[in-house]
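Report on one structure; see the data block that follows.
The values are calculated or read from the model by the stated rules, or taken from the named source; none is laboratory data. Since we're looking at a predicted model, the values are computed, not measured. Cβ: placed from backbone, ideal geometry, glycine included. Neighbour counts: every protein chain shown.
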Amino acid sequence: MEVETVETKMPIRLEPKTETAETRHLEKRMKTPRAGAHAIPRWGYMLFAVLAIFAVARSLQRKAESSKTAQPPARPVLVTKVITKDVPVYLDEIGTCAAYETVQVQAQVNGQIIARHFQDGSDVKQGDLLFTIDPRPYQAALDQARAQATLDQITLKRQADLRARNVISQQDYDTSQANAQKSQAASEAAQVNLDYCYIKSPINGRVGLRNVDVGNLVGPSSASLVIIQGLDPIYTDFTVAENDLPLVRKYLGGPNVKVQTDLPDGSIPPRTGDLYFIDNAVQPGSGTVKARAVTPNPDRALWPSEFVRVRFILDMLKDAALVPSQAVQISQNGPFLFVVRPDNTVDLRPVKPGQREDGDLTVIGSGVKPSETVVVTGQLALSPGAKVEPKPYAAPNTWNAQQAAAKGGL
């Protein structure tokens, strides 16, 4: 089906243009440009330059503020300085104490105990009287022996006069001389037996619980009457592991070898003694070597068979670097410390830690210098170059004392 398009033409009527003088004047003004219409004054350029500079400065300021707000804030951390101090090279062991001397007091003669002159558990000195055995039989024997000795001496003198005049033979004189010597020996033996009736302490020490009372019959075959132990000084017995023997042999015999003895509860200051003995063989069952030290014990604070802590000091490290133990961190690459730079940024510093010292300190063999500042707590959120807000570490009293000692030494 075809669609017929009908085009309708509208008639346009053009009227002639009427040109007047006013119209001609207006057209002339529009066609002719005004003089200086595009000229910009100099102060306009200056104003434009100032506005441009202000806009650029404002843009840079906003950019700086934006970058500043984008940086993470400074991390608060606790810091302290590395100190230097002379510290020992040591081995910590567990040991026991043993009496320096132990004496079992026994009777040397038969008899009945008639007196006891001490209190159980008291301190005694050498020569103090402990027991008295009935001395009467031995006093009588001594008197008899002395009487015989006196008679033999008179006889010997008479025989000497007779021999000088050649009245008796030399044999008779020699017999009289032998009898005089025999009676003198018997007299001295009787005196010894009488002295044994007065049982005295052979050492300075502390007596234990007595085993006999007054009225008991005792003799050389009887059990000990009491035990006395010397407690000042006292032995400290401990063992050294087989793996530590090379280190011990390296310093054995040196001037700084000492042994410190301390109670487990720390109730007394450590006592420093001298190494007395170290065994010449490793124990097959335990793999250890026996050692013994002599420790002063004037106040009797250490007792025989008591467990003690032993620090076997082998040598002294001069001017060792020390930091709190919690400052040392461990990563896949090994131990490290965070060191604070002067601009309050941190540097990750690999270190070689050594043994721990008293006051929860650790010796740093290499990696830090004296008086450098290290991070003690707050390392978890840190990375190399991070900004920190350092605050002083509230160290324990022991650490403060160590710092004061170090400063005093300098």
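Results for (1) farther than 21 Å from Lys258 by Cα; (2) over 18 Å from the mean Cα position of the chain (by Cα); (3) surrounded by fewer than 14 Cβ atoms within 10 Å (Cβ to Cβ); (4) not acidic (Asp, Glu), shown as yes or no for each residue.
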site: Phe277; (1), (2), (3), (4): no, yes, yes, yes
site: Lys290; (1), (2), (3), (4): no, yes, no, yes
site: Asp299; (1), (2), (3), (4): no, yes, yes, no
site: Pro304; (1), (2), (3), (4): no, yes, no, yes
site: Arg311; (1), (2), (3), (4): no, no, no, yes
site: Met316; (1), (2), (3), (4): no, no, no, yes
site: Ala320; (1), (2), (3), (4): no, no, no, yes
site: Ser331; (1), (2), (3), (4): yes, yes, yes, yes
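Take region 242-267 and flag every residue that is at negative phi and loosely packed, with under 13 Cβ neighbours inside 10 Å.
Result: Asn243, Pro246, Arg249, Lys250, Leu252, Gly254, Pro255, Asn256, Pro264, Asp265, Ser267.
In region 355-362, is there at least one residue being assigned to a strand (DSSP E or B), in contact with a Pro (Cβ under 7 Å, 6 or more places away or on another chain) and modelled with pLDDT under 90?
yes
From the list Ala164, Ala185, which one is modelled with pLDDT under 90 and hydrophobic (A, V, I, L, M, F, W, C)?
Step by step, each of Ala164, Ala185 is checked, and only Ala164 is modelled with pLDDT under 90 and hydrophobic (A, V, I, L, M, F, W, C).
Would you say Val192 is β-branched (Val, Ile, Thr), modelled with pLDDT of 95 or more and not in a strand (DSSP E or B)?
Working: β-branched (Val, Ile, Thr): yes; modelled with pLDDT of 95 or more: yes; not in a strand (DSSP E or B): yes.
When the stated conditions are applied, Val192 passes them.
Can you name the residue in region 65-80 that is among the aliphatic types (A, V, I, L, M) and surrounded by 10 or more Cβ atoms within 10 Å (Cβ to Cβ) and, of all such residues, is modelled with the lowest pLDDT?
Checked region 65-80; the qualifying residue modelled with the lowest pLDDT is Ala74.
Can you find, within region 108-144, the residue that is surrounded by the most Cβ atoms within 10 Å (Cβ to Cβ) among those that are in the same structural domain as Val214 (by TED's automatic domain parsing) and of a type in the set (Gly, Ala, Ser)?
Among residues in region 108-144 that are in the same structural domain as Val214 (by TED's automatic domain parsing) and of a type in the set (Gly, Ala, Ser), the one surrounded by the most Cβ atoms within 10 Å (Cβ to Cβ) is Gly111.
List the residue pairs whose Cβ atoms are under 7 Å apart, where the first residue sits in region 149-171 and is assigned by TED's automatic domain parsing to the domain that holds Ser187, the second is modelled with pLDDT under 90 and not in a helix (DSSP H, G or I), and the two are 6 or more positions apart or on different chains.
Gln159/Ile168; Leu162/Ile168
How many of the residues in region 309-339 are assigned to a strand (DSSP E or B) and out of contact with any Asp or Glu (no Cβ under 8 Å at 6 or more places or on another chain)?
12
Residue by residue, here is whether (1) of a type outside the set (Gly, Ala, Ser); (2) assigned to a loop (DSSP other than H, G, I, E, B); (3) in contact with a helix residue (DSSP H, G or I) (Cβ under 7 Å, 6 or more places away or on another chain) holds:
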{"residue": "Arg210", "(1), (2), (3)": "yes, yes, no"}
{"residue": "Gln229", "(1), (2), (3)": "yes, no, no"}
{"residue": "Thr236", "(1), (2), (3)": "yes, no, no"}
{"residue": "Val240", "(1), (2), (3)": "yes, no, yes"}
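For the subset of region 377-396 comprising residues that are assigned to a loop (DSSP other than H, G, I, E, B) and not small (Gly, Ala, Ser), which member is farthest from Leu361 (Cα to Cα)?
Here the answer is Pro384.
Provide a single number: the residues in region 161-180 that are surrounded by 14 or more Cβ atoms within 10 Å (Cβ to Cβ), among the hydrophobic types (A, V, I, L, M, F, W, C) and either outside any loop (DSSP other than H, G, I, E, B) or touching a His at 6+ places or on another chain (Cβ under 7 Å) (or both). Let's see the steps before the verdict.
Quick first cut of region 161-180, residues surrounded by 14 or more Cβ atoms within 10 Å (Cβ to Cβ) only: 162-163, 168, 173, 175-177, 179-180.
Still in the list and also among the hydrophobic types (A, V, I, L, M, F, W, C): 162, 168, 180.
Checking the rest, the ones that are also either outside any loop (DSSP other than H, G, I, E, B) or touching a His at 6+ places or on another chain (Cβ under 7 Å) (or both) come to 162, 180.
Qualifying residue count for the region: 2.
Of all residues in region 212-223, which are crowded, with 17+ Cβ neighbours inside 10 Å and assigned to a loop (DSSP other than H, G, I, E, B)?
Val212
Please indicate, with yes or no, whether at least one residue in region 192-207 is surrounded by 15 or more Cβ atoms within 10 Å (Cβ to Cβ), in contact (Cβ under 8 Å) with a residue 40 or more places away in the chain and out of contact with any strand residue (DSSP E or B) (no Cβ under 8 Å at 6 or more places or on another chain).
Yes: one or more hits.
Can you tell me which residues in region 130-160 are assigned to a helix (DSSP H, G or I) and closer than 30 Å to Gly215 by Cα?
Once the filter is applied, which keeps residues that are assigned to a helix (DSSP H, G or I) and closer than 30 Å to Gly215 by Cα, region 130-160 yields Arg136, Pro137, Tyr138, Gln139, Ala140, Ala141, Leu142, Asp143, Gln144, Ala145, Arg146.
So Val226 ticks every box in (1) β-branched (Val, Ile, Thr); (2) surrounded by fewer than 17 Cβ atoms within 10 Å (Cβ to Cβ); (3) under 43 Å from the mean Cα position of the chain (by Cα) but one. Which box is left unticked?
(2)
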